[in-house]
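Everything on this sheet refers to the single structure shown next.
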């Protein structure tokens, strides 16, 4: 994050009955949205920003839409295949268009791209809040508010794929694993995918940006069941029939890194001491460890997984490259022929 927590990346995840393609998907988004649009702004020919009143977040949420060809002339029942791109730990819904320039991808001209934001370090999780529950319920916001809204009013269809960077990758994988069949394919880039293995990392990262990490999942030694319940690795069986693309740097310097190193995060000294000497991005090195574990688990389950581990850090722009690597898989799930 110049660290993902400071810049544009960070980590971690986000239920009713949805009928898609004639199949009931237990735990998926309901048919009726529980939010309403407060404002809609067209930013350019294809890009629209929505501000929605979100009971789940306890306040407004923002969603960017990258619209496909013909969208402005849509009829009430027109639907497009939909790619959901989840924000990293900073929660910024504009990252995918500003940093990763998804609008430049010709392959997405006939796809509706939905890019919801979330609160800082929201982890795409319904927060434990020290036992009180309540907002922010980030997973509920996505499944019960954003998805039903864009499917009802903005042409999103039942062919869906999802991807995310850092916490967004955690969210995409976690939601896909806990609601099998919701997405036809899922991708995660530089994501913490087995956070209960390194709880000090994510609690320290939250504190570093001024967030109470214990409010998200609870104390990992007292509320360990909650940590397990949100852990994508724990729910890997739910991905057995979903194509998965995993990508992560190994924490060593790579070709897409800037000059500024990831900052030291107090509380992570143990993992610093255990890291190899050439590791300059502890966050990415830990994400790589978790990615390897999930890859092995999915392979044991004979799930369709592709994994790319490379030299690189958490604050580099590798999500730009890895999304393009994952795009053929995502497009195939959306019923679109990848470009050769």
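Quick check on residue 22: is it within 30 Å of residue 251 (Cβ to Cβ) and at pLDDT below 95?
Here the answer is no, as residue 22 does not meet what is asked.
Restricting attention to the stretch 83-96, does a residue exist that is part of a helix (DSSP H, G or I) and over 20 Å from residue 183 (Cα atoms)?
Looking for residues that are part of a helix (DSSP H, G or I) and over 20 Å from residue 183 (Cα atoms), one finds at least one in the stretch 83-96, hence yes.
Give 56, 28 a once-over and let me know the one that is in a loop (DSSP other than H, G, I, E, B), modelled with pLDDT of 90 or more and touching a strand residue (DSSP E or B) at 6+ places or on another chain (Cβ under 7 Å).
Selected residue: 56, the only one of 56, 28 that is in a loop (DSSP other than H, G, I, E, B), modelled with pLDDT of 90 or more and touching a strand residue (DSSP E or B) at 6+ places or on another chain (Cβ under 7 Å).
Would you tally the residues in the stretch 120-134 being in contact with a helix residue (DSSP H, G or I) (Cβ under 8 Å, 6 or more places away or on another chain) and either surrounded by fewer than 21 Cβ atoms within 10 Å (Cβ to Cβ) or at pLDDT below 95 (or both)?
3
Among 297, 302, which is the only one that is more than 30 Å from residue 156 (Cβ to Cβ), part of a loop (DSSP other than H, G, I, E, B) and at pLDDT 90 or above? Walk me through how you get there before you give the answer.
On the way: 297 fails: part of a loop (DSSP other than H, G, I, E, B).
Result: 302 is the single residue among 297, 302 that is more than 30 Å from residue 156 (Cβ to Cβ), part of a loop (DSSP other than H, G, I, E, B) and at pLDDT 90 or above.
Taking the condition of being touching a helix residue (DSSP H, G or I) at 6+ places or on another chain (Cβ under 7 Å) and farther than 17 Å from residue 172 by Cα, how many residues in the stretch 81-98 meet it?
1
Within the stretch 154-170, does at least one residue satisfy the condition of being under 22 Å from residue 224 (Cβ atoms) and surrounded by 24 or more Cβ atoms within 10 Å (Cβ to Cβ)?
Checking the stretch 154-170: at least one residue is under 22 Å from residue 224 (Cβ atoms) and surrounded by 24 or more Cβ atoms within 10 Å (Cβ to Cβ).
Pairs, please: C-beta under 7 Å, at least 6 apart or cross-chain, first residue within 14 Å of residue 140 (Cα to Cα) and in the stretch 174-188, second modelled with pLDDT under 95 and not in a loop (DSSP other than H, G, I, E, B)?
174/230; 179/25
Could you please find all residues in the stretch 257-274 being buried (at least 18 other Cβ atoms within 10 Å of the Cβ) and over 16 Å from residue 204 (Cα atoms)?
Step one: of the stretch 257-274, the residues buried (at least 18 other Cβ atoms within 10 Å of the Cβ) are 257, 262, 265, 268, 271.
Scanning the stretch 257-274 gives a single hit, 257.
Does residue 37 satisfy the condition of being touching a strand residue (DSSP E or B) at 6+ places or on another chain (Cβ under 6 Å) and at pLDDT below 95? Walk me through it before giving the result.
Numbers: touching a strand residue (DSSP E or B) at 6+ places or on another chain (Cβ under 6 Å): yes; at pLDDT below 95: yes.
Yes, satisfied.
For the stretch 305-322, which positions are crowded, with 24+ Cβ neighbours inside 10 Å and not in a loop (DSSP other than H, G, I, E, B)?
Within the stretch 305-322, 318, 319, 322 qualify.
The values are calculated or read from the model by the stated rules, or taken from the named source; none is laboratory data. Only a predicted model underlies this, so the values are computations on that prediction, with no experimental measurement involved. Reconstructed Cβ throughout: ideal geometry from the backbone, glycine too, with neighbour counts over all protein chains shown.
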